[in-house]
Structure formats: C-alpha cells, structure tokens
1. Can you go through Ala148, Ala157 and tell me which one is in contact (Cβ under 8 Å) with a residue 12 or more places away in the chain, small (Gly, Ala, Ser) and open to solvent by less than 40 Å² (accessible area, probe 1.4 Å)?
2. Based on what the data block shows, is Asn146 within 24 Å of Arg23 (Cα to Cα), touching a Leu at 6+ places or on another chain (Cβ under 7 Å) and among the polar types (S, T, N, Q)?
3. Kindly indicate whether any position in segment 1-15 is farther than 19 Å from Asn102 by Cα, charged (D, E, K, R) and more than 11 Å from the chain's Cα centre (by Cα).
4. Of everything in segment 143-167 that's of a type in the set (Gly, Ala, Ser) and at pLDDT below 95, which residue is nearest to His30 (Cα to Cα)?
5. Between a first residue in segment 128-139 that is at pLDDT 85 or above and a second residue that is among the hydroxyl-bearing types (Ser, Thr, Tyr), which pairs have beta carbons less than 6 Å apart while being 6 or more apart in sequence or on different chains?
6. Of all residues in segment 67-115 being among the charged types (D, E, K, R), touching a strand residue (DSSP E or B) at 6+ places or on another chain (Cβ under 7 Å) and modelled with pLDDT under 95, which is nearest to Gln19 (Cα to Cα)?
7. Can you confirm whether segment 5-26 contains a residue that is assigned to a helix (DSSP H, G or I), of a type in the set (A, V, I, L, M, F, W, C), touching a strand residue (DSSP E or B) at 6+ places or on another chain (Cβ under 7 Å) and open to solvent by less than 40 Å² (accessible area, probe 1.4 Å)?
8. Checking Asp130 against (1) exposed (fewer than 13 other Cβ atoms within 10 Å of the Cβ); (2) touching a strand residue (DSSP E or B) at 6+ places or on another chain (Cβ under 7 Å): exactly one of these is not met. Which one?
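The values are calculated or read from the model by the stated rules, or taken from the named source; none is laboratory data. This is a predicted model, so every value here is computed, not measured. Glycine also receives a Cβ, built like all others from the backbone with ideal geometry; neighbour counts cover every protein chain displayed. When the accessible area is computed, the model is the full protein with side chains, heavy atoms only, and any ligands, DNA or RNA have been set aside. Shrake-Rupley method; radii C 1.70, N 1.55, O 1.52, S 1.80 Å.
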Amino acid sequence: MLYTIESKLIITTSRKPSQITRRFAQFIKHYFGASYINRGKMSFSKVIFKAKEEENTLLLILNETKGNPSSIDVYNVSVDDENPFLNLNFTISLPSSNNRINTDINNIFFINKNNKLDDLFDLFVSVDVDEHIDNNCVVVKSSEDNLADIIFIDRNANDTRYKIFLKGFNINK
C-alpha cells in the first residue's frame, strides 16, 4: 500500500543533542522538507508555540539514548499540544559520509510492505497511484530482527543509506 503525509513537519531534538542526533535530524529536515527548530535552551512550551504558528503541522521531537537517536514523539499541536499522539522507538544506521539528499518534497510516498504496521499506517493518507513507485519514497519492509526496517530512496532511485530499524510504536488515541 502507498501512503503520504499531508501535513507540514517541524523537527527538533531534546536538549543538548549529540552530533549523531543532530545529523539525523538534519537528514529528516532535508528529506521531507521539514522546518528545523534549533532547540538550545528553548523550553518545550516555546517549541509548541513556534509549531502552532504554522497551520496543519506535525511536531517531531527526536530523543536520544546514550548519544544515539532512539525515539520520535509526534505531536499534532492543533489537537493536543501536551501529549504526543505517536511514539516511534528505533535504532538507526547512518552512512559514513554525508550524501546529497535529492527528493521532491511534494511527492514523497511511504510504501508499506509490512502487515504488522497496519495500525500505524491508519494515521497516514492512503494514495492510489497507477504508476510504479521506485523513487522519492520511504520503504517499510518486514524484518526478522526488528518490527520493521525503513529505508529512504531519493528522487534518482538511489538508497540514501540512512536506515531506521523500528523496534516498536505507541499510538495514543
């Protein structure tokens, strides 16, 4: 099944993020055309205030454990600015060198090849496309070791070599 996100994304990190976490946040920013808020000493309420200035926005807060990105809390600030409606727990793999990220941010598709994540993808917008999608997409595959392996493909059909190994997720309704 094919899905997309019709909301603007704003990403920030927890306070004092490691270099790896900042690098991953910048990748998400460039891949999805998201806005990035440099957190610094900014309080959570100020981050929420900045996110509310935009319409139709999802706020992603990237958290880390022992210096590595480990979870993302997703807030729909127009509905509930105190509780995330989604939490993703994961580990990541980053390429050894920074690659140029080439995407068409208006046409990024999620390809779900993992039936264990149907509840998660109910939060996305389903898309009907006649053509075969092999570029500008996020591929969610089944995995023996993880709940899912997620890879990012750019608009030239190249693997960006950024990978997320999804360990679990919580949907708060």
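1. Ala148
2. The answer is yes for Asn146.
3. Looking through segment 1-15, at least one residue is farther than 19 Å from Asn102 by Cα, charged (D, E, K, R) and more than 11 Å from the chain's Cα centre (by Cα).
4. So, considering only residues that are of a type in the set (Gly, Ala, Ser) and at pLDDT below 95, the one nearest to His30 (Cα to Cα) is Ala157.
5. From segment 128-139, the pairs are Asn136/Thr103.
6. Going through the qualifying residues, I end up with Asp81.
7. Yes.
8. Going through (1) exposed (fewer than 13 other Cβ atoms within 10 Å of the Cβ); (2) touching a strand residue (DSSP E or B) at 6+ places or on another chain (Cβ under 7 Å) one by one, Asp130 breaks only (2).
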